[in-house]
1. Of the listed values (1) 14.4; (2) 16.1; (3) 18.1, grab the one calculated as Kirkwood radius over Cα pairs in Å from the structure here.
2. Could you give each residue of the range 67-76 its phi-based ³J(HN,Hα) in whole Hz, using Karplus coefficients 6.51, -1.76, 1.60 with θ = phi - 60°, and x for Gly or Pro?
3. Quick one: which residues, 5 or more positions from TYR90 or on another chain, have an amide H under 5 Å from its amide H? H modelled 1.01 Å from N in the peptide plane, none for Pro or chain starts.
4. Which links in LYS57/LYS95; LYS7/LYS96; LYS19/LYS83; LYS54/LYS95 stretch past 28 Å when you go from one Cα to the other?
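Every number here is computed from the coordinates shown, using simple stated rules; none is lab data. It should be emphasised that the depicted structure is a prediction, and the values quoted were computed from it without experimental measurement.
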Amino acid sequence: MSRTNEKKIIVNVRDLSFKSEQAVVDLIRFLAEQLPQIDLVRNGNELEITAPEKMSKKVIRLRIRKYLHRKGLKEEFRPISFKNDENEGYIIKEKKVIQLTYY
């Protein structure tokens, strides 16, 4: 793959790593198995994904959601898209839960 036909997608896994470091390792393994055409590099709390230019960002999001569903983390976490000047990708954030107490 040449550099001109690649794009970089960042996945921030900080909230997920607070829950379990093993969940992040399993996510890396799951993405590598599901999408063999991507290259994954972990830099602290960020996963740097190098993918072909034709691959949609939604494919990555779908695989992240599928992983969360299979591991039973769908009710606790969700991928949120972000884009700034130098990076674009997803942040896996913990869902806000409203706890109402009834008397």
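1. (1)
2. My calculation for the range 67-76 gives 4, 4, 5, 5, 8, x, 9, 5, 7, 9 Hz in order.
3. Amide H neighbours of TYR90, under 5 Å, 5+ apart: ILE10, VAL11, ASN12, PHE82.
4. Numbers: LYS57/LYS95 21 Å; LYS7/LYS96 31 Å; LYS19/LYS83 25 Å; LYS54/LYS95 31 Å.
Distance filter (> 28 Å) returns LYS7/LYS96; LYS54/LYS95.
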